[in-house]
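A.B. asks: I have a structure here, written as C-alpha cells, and I will follow up with some questions on it.
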Amino acid sequence: QVQLVESGGGLVQPGGSLRLSCAASGNIFGADVMSWYRQAPGKPRELVATIPRGGSADYADSLKGRFTISRDNAKNTVYLQLDNLKPEDTAVYYCYAVLRVGRAREPFNYWGQGTQVTVSS
C-alpha cells in the first residue's frame, strides 16, 4: 500500500522551531513534486512550500525566510523546517506528493494524514 507518513509536529513556544518529515512508502519508484500544505481552523488549506524533483523550491510569499523545504530522493522523503514560529502558524500540516507507482511508474497524487503544529506560550 502506497502512503505518505508525516511526523514531527507538536507544541512549541513562539520563536521556536520544528522539523516536519514526510516519508513515502510502498511500491513506488520515486517522487515528482513534493509539497507541504497547512490548514488552520476555519480556514481553507493553503500551500506552504513545494519542491520539484530536480528544481528549486518555492514558498508562499508570507512564509519566505522562516520555513525551508528540502527532500531526500533516495529516501523518498520531504522535510519542512519551521523557524521563528508564530501563533498564526498553528495548523494541521499536510504532505502532498506525486509518486511514481508500480512497474509502469505511473504518477499518482497522495496526501499524508496531517500533523498538528501548535504555537503557544
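The values are calculated or read from the model by the stated rules, or taken from the named source; none is laboratory data. This is a predicted model, so every value here is computed, not measured. Methodologically, a virtual Cβ is constructed for each residue, glycine included, from the backbone with ideal geometry; neighbour enumeration extends over all protein chains shown. The area values use the complete protein model at the heavy-atom level, side chains included, leaving out ligands, DNA and RNA. Shrake-Rupley method; radii C 1.70, N 1.55, O 1.52, S 1.80 Å.
A.B. asks: Considering every residue within the stretch 44-60, establish whether at least one is polar (S, T, N, Q) and out of contact with any strand residue (DSSP E or B) (no Cβ under 9 Å at 6 or more places or on another chain).
C.D. replies: Checked the stretch 44-60: at least one residue is polar (S, T, N, Q) and out of contact with any strand residue (DSSP E or B) (no Cβ under 9 Å at 6 or more places or on another chain).
A.B. asks: Continuing with this model, one more query. Residue check, L85 against (1) open to solvent by 10 Å² or more (accessible area, probe 1.4 Å); (2) in a loop (DSSP other than H, G, I, E, B); (3) touching a residue at least 24 places away in the same chain (Cβ under 8 Å); (4) farther than 19 Å from S25 by Cβ, all met but one. Which one?
C.D. replies: (1)
A.B. asks: Let me ask another. For the stretch 7-63, what are the residues that are more than 16 Å from C95 (Cβ to Cβ), open to solvent by less than 70 Å² (accessible area, probe 1.4 Å), in contact (Cβ under 8 Å) with a residue 24 or more places away in the chain and not in a strand (DSSP E or B)?
C.D. replies: P14, G15, G16, S17, A40
A.B. asks: Does the stretch 73-84 contain any residue that is on the phi < 0 side of the Ramachandran plot, touching a Cys at 6+ places or on another chain (Cβ under 8 Å) and among the hydroxyl-bearing types (S, T, Y)?
C.D. replies: yes
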